[in-house]
Every structure is written in C-alpha cells, then in structure tokens.
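The values are calculated or read from the model by the stated rules, or taken from the named source; none is laboratory data. Predicted, not measured: the structure shown is a model, and the values here were computed from it. Neighbour counts run over all protein chains shown; Cβ positions are idealised from the backbone, glycine included. Note: accessible area is taken over every heavy atom of the protein model, side chains too, but ligands, DNA and RNA are not part of it. Shrake-Rupley method; radii C 1.70, N 1.55, O 1.52, S 1.80 Å.
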Amino acid sequence: MKNNRLVRSAAAAAVLLLAATACSTKTGTSSERVGKDDVAMGPGVTDTTITLGALTDLTGVYASLGKSIVNAQQMWAEQVNKSGGICGRKVEIKVKDHGYDVQKGVAAFAEVEPDSALLTQVIGSPIVAALKQDIAARKILTLPLGWSSTLLGQEYVQVVGPTYDIDMVNAVDFLTRTAHLTAGAKIGHVYFEGEYGENALAGARYAAQQSGYEIVGQKIKATDTDLAAQVTALKQAGVKAILISAGPKQTASLVGLSAAQGLLVPVVSSAPGFAPQLLDSAAAPALEKMLFLTSGYPAASADTSRMRQLVQDYKARYPDAPVDSGVVSGWVAAQVAAGALSDACTAKKLTREGIAAAHRAQTALNILDVPFDFSDPSKPSTYASFVQKPSKQATGGLTTVEPAHEVAAARAYQLPKG
C-alpha cells in the first residue's frame, strides 16, 4: 500500500510538472510568451496579431461622438495594416458599446480586457473612475476619452490633453480678456453631476477666485435636456458669462434659451459639449453668435497639412459621416497607442508592462502639431487649450479663435486627487 501511494504521488507530481511546463514560456508566466521574432508577448498579442480594446458610447448621451471616435480608430487600424502592421503584426480593435452606463462599462471591460494589449478608448470619466482599480491590477494601458484630473496619478491610465478643470481655468482667462469682466462679476456654470462636470467646476471656481469672480453653479443630470429653469436662474443672478460642462443637447438648450430670454452673454463649453449636428438645429444662429469651446485638440478645420490629410482620408473612408471633434480625438488616441506599441516592439517587450513603460518614455510626442509629455502620470500631458467657435461653413463645424496656449494660473492650480 505504501508503494502504491508513492507511485500515485509521483504520478501526480509528474502531471503537475508537465502542466506547468506546457503553460510556461521563456518569460515564466502563462500570460506572457516569446514570439518567433524574440519579442515578449503579453495578453492580446500573438505572432500575427495585436488586439486592442475599445469601450465606447454608441447609444448614450455621446453616441454621435462615440461613432466618430470608433470610425477614426478603425480607419487608423486599416491604414496601419496596409503598411505592414505594427511589429509585423496586424492590428485589430474589439469594440464594445456601454451607452455611457457605468455598470455596462464595467461589464464591457470584463469581456474585452483579457484579450487586449491596451485600450484605445474608454469614453466617460465616470466609467474610467469605476475601472481604475481593475486597470491597475491588470496593468493595461488605458486611454480614456474623458479628461477628468481625478484620473491622473495612475500608471496605466493616460489622459491625453488638458483635463476638464485646466480647460476651465483657460476658459475663465479667455473670458477675462474678451468679455472685459471685472472683480465681483458673476459667471454661471452649468455642469453634469459626476466626474466630468464636477471636475470642470473645480477648475472654474479656482480661476474665478483668482480673479475675484463668483461662480453661480447649476448642476444637471445627463437626462436633463430642457434647461429653461437654469437659464432663468442665471439671468436672475445677473451673470456676465456662462460656462457649460455637459453634452451637446444641453449646450444647444442653454444657448438657445439664453438668446430667447435676452441673456446675450458669451458661453464657453467644454469640448464634449458640442457636435456639428447642432448647427442644423433651431439654436444654430445663437450658437454661432454666443458659443466658444476650449479643447486640447485642434479643430478639424485647422489649416495644417496633418489635419488636411486626416480630414481627406476620413471623408474618403466614411463619405456619409460628419467630421467632428470625435474624429480628431479618436485619431489622437490611436496615434498615442501606435507610439507606445511601436516603441515597445523596438524594446522587444510587447507585454503590458513593456507597453506602459514605452509610453511613459515619451516626453514630446507630436500629434497633429500638438506636443504631449506622458512621462509623469500625476500631471496633464499638456496644460494648453485651443479656443474654438461654431461655424456652419467650417469643416467639423468649428473654427479656431485662439491657438493652443496655457496661462500661468493653470500651472499654479492644485489638481484634485482621484
């Protein structure tokens, strides 16, 4: 009996050893392998393919922008593959729609993450905030299409551009110079509840305090589309300008109703608050007259060779789709992903840690003539914002009022901790 037990134990040990040997590779883990080209490969990477994940909004409040972002990134993947791929591998993007719903976003992450090398987009700061711990645990580089500064300080989360609060600091500076505000002036701020709106509000309050202004806040929900009550409250408060950090429908309602009520003051929106389709609505004349935007990315109408090429390619690939800010932001995020993957390939480390390390080594990545510094996870990759204005005649519905620049107050601002 004793000999039989020894035989069984030895056999079990042999089975375990064989199983471990079958799962192990030169890197010593089941999730990392070494390719035929001696490149270490993590999840989402094979000898022939690099799979990327995208958690987007195709049915919620940012559906129009989400569609454009997906289109731009799929076009990028097609172009990359036609030129030989990245690291000799074909690039594929697995897209999941969450409808700007946090629970659906978490479920989509669980489905996409295991087989993705990185995430080229996650629309919505609230959704990224809910996923931060999982992203860190799985060490997957994630490019949110959400710009809350509460997402900073995460090694594997990269906000590409100025954060919402920095944009609002720059917006208040713009209003100070152009609307001739004086100490004691009141500025309205209509904002979504949650990460996006409240982060923007923090920046607005800081900038207003520096200049002796008062912010009159109006919190709304993503489902609120009639802002008559908010416009009435702001008019009664005597605001001299308005900031809005919400969606396109809310921006159209705010500006259209403000014009109708005779509240003819400048309105500055965060970038997600505008879509060119608004210029086909009844609010179009008021939008062209009263609205401005702050954005970390150039307008699609920018007269640069890189932007002209992007617009030309996009129109050729999607002739019936609008060219909007989603095209630009989706393309920018794709270029960030391309830079990280290409540099990781050069280092022969297409693992998640290798991709993130390659990304963090980029201190001056120029995309569409905008330089980004990704070396410090705790800081925005840029503090500069463009100021833009709606124009029905312009490609993408926006023209540039002021080129990207930062103000001293933006660097002095204490970023909120996530």
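Points worth noting:
- Matching residues in region 181-226 - criterion: being in contact with a Pro (Cβ under 9 Å, 6 or more places away or on another chain) and either hydroxyl-bearing (Ser, Thr, Tyr) or farther than 26 Å from Val128 by Cα (or both): Tyr196
- Members of region 382-400 found to be in contact with a Ser or Thr (Cβ under 9 Å, 6 or more places away or on another chain) and either open to solvent by 60 Å² or more (accessible area, probe 1.4 Å) or among the polar types (S, T, N, Q) (or both), listed by number: Ser385, Gln388, Ser391, Gln393, Thr395, Thr399, Thr400
- Selection over region 62-121 of residues that are part of a loop (DSSP other than H, G, I, E, B) and either in contact with a Leu (Cβ under 6 Å, 6 or more places away or on another chain) or touching a residue at least 60 places away in the same chain (Cβ under 8 Å) (or both) gives a count of 7.
- Region 94-128: number of residues that are farther than 17 Å from Leu65 by Cβ and of a type in the set (Val, Ile, Thr): 3
- Test result for Asp134, more than 20 Å from Ala356 (Cα to Cα) and either open to solvent by less than 20 Å² (accessible area, probe 1.4 Å) or of a type in the set (Asp, Glu) (or both): no
- For region 346-371, a residue qualifies if it is assigned to a helix (DSSP H, G or I) and open to solvent by less than 30 Å² (accessible area, probe 1.4 Å), and the qualifying residues are Arg352, Gly354, Ile355, Ala356, Ala358, His359, Arg360.
- Filter result for Gln261 (open to solvent by 40 Å² or more (accessible area, probe 1.4 Å) and either among the polar types (S, T, N, Q) or within 28 Å of Arg89 (Cβ to Cβ) (or both)): yes
- Residue count for region 170-215, restricted to those that are under 30 Å from Asp101 (Cβ atoms) and in contact (Cβ under 8 Å) with a residue 24 or more places away in the chain: 18
- Residue that is open to solvent by 10 Å² or more (accessible area, probe 1.4 Å), at pLDDT 95 or above and out of contact with any His (no Cβ under 7 Å at 6 or more places or on another chain), where the choices are Ala241, Ala286, Ala246: Ala286
- Any hit, region 153-173, residues being open to solvent by 10 Å² or more (accessible area, probe 1.4 Å), hydrophobic (A, V, I, L, M, F, W, C) and on the phi < 0 side of the Ramachandran plot: no
- Region 285-339 - residue that is out of contact with any strand residue (DSSP E or B) (no Cβ under 6 Å at 6 or more places or on another chain) and among the aromatic types (Phe, Trp, Tyr) and, of those, nearest to Val159 (Cα to Cα): Tyr297
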